[in-house]
1. Hey, with R₀ at 45 Å, roughly what FRET efficiency would residue 160 and residue 228 work out to, going by the Cβ-Cβ distance, to 0.05?
2. How much length, in nm to one decimal, is gained on full extension between residue 68 and residue 190, taken as 0.36 nm per residue of separation minus their Cα-Cα distance?
3. Over segment 10-221, what per residue volume does the convex hull of the Cα atoms give, in whole Å³?
4. Give me the percent relative contact order of segment 21-102, please, defined on Cα pairs under 8 angstrom at least 6 residues apart.
5. Provide the gained length on full extension for the span residue 115 to residue 246, in nm with one decimal, where the gain is 0.36 nm per separating residue minus the Cα-Cα distance.
6. What's the extension gain from residue 59 to residue 76 if we count 0.36 nm per residue and subtract their Cα-Cα distance?
7. Determine the principal axes of the Cα atoms in segment 1-103, then give the extent along each, sorted from largest to smallest and rounded to whole angstroms.
8. Starting with the highest mean, order 188-200, 86-98 by the number of other Cβ atoms within 10 Å, averaged over the residues of each peptide.
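Since every read-out is calculated from the coordinates, none of them should be taken as a lab result. Here the structure is a predicted model, which is why all the values come from computation and not from measurement. Cβ: placed from backbone, ideal geometry, glycine included. Neighbour counts: every protein chain shown.
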């Protein structure tokens with residue numbers, strides 16, 4: 001722990017004492033940094049693989065953190081997303097994952113990953129680096145995307161033996177070619193990856209149907225907030241919305257959708273607000 005906590009935010013104090021707050025819990029931190037958690041950027045969150053039976057204990061401990069103003073829990077079929085709002089306005093998001101899946105498709109065995117966990121910096125339990133990169137590689141690949149630069153750099157910062165193990169593990173599991181161009185571009189080899197994932201016991205038969213039903217329930221449970229702005233033409237709404245969208249995306253790591261309404265798009269609402277004649281006049285000049 002740092003010699004002085006006077007300059008640390010409450011978020012950083014929690015991260016500095018993370019091992020203490022999680023004593024006795026079974027978990028593995030994915031994509032663990034090389035140094036202490038306090039070095040994470042303010043917008044970074046924690047992805048943790050946990051045991052489902054310990055979720056109530058996680059929630060109890062997190063709600064009792066010192067300096068916590070409010071905690072929000074979004075409980076879904078594969079895990080719980082936690083938002084921690086501290087009294088000094090610092091913020092942290094934790095993803096407590098007991099099932100590693102994309103939509104209904106399980107892509108890693110969470111139990112096996114927990115068995116291979118390691119002891120990291122200051123006693124924090126971390127995932128094996130091979131499992132961490134496999135998680136990133138499969139998650140983004142199933143989204144049809146390349147591995148982001150941040151995680152490419154994370155892999156390249158690993159010891160050469162670990163980098164070799166990552167390549168050999170993925171190649172052996174999915175029968176991938178020797179050229180290794182796929183190591184950062186999983187979306188290019190999905191045709192080989194998908195049959196292997198679909199053959200996993202968690203994705204077959206009754207277990208597979210349970211995952212589908214769980215994913216469907218999660219889709220309807222995950223409510224998203226709506227924020228509205230209004231202003232006259234020329235007031236700078238576009239500039240404000242762009243800045244606000246960027247800020248929310250970086251802080252909360254969620255996709256932010258901007259929907260613009262003009263009178264011609266929703267004539268019924270416009271007529272109700274402005275009256276029929278004025279709404280029609282606005283529509284003609286939009």
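1. Step by step, r from the Cβ atoms, then E = 0.30.
2. 39.7 nm
3. 125 Å³
4. 29 percent
5. Length gained, residue 115 through residue 246: 43.3 nm.
6. Computed gain between residue 59 and residue 76 is 4.7 nm.
7. That works out to 41, 30, 26 Å along the principal axes.
8. Result, highest mean Cβ count within 10 Å first: 86-98, 188-200.
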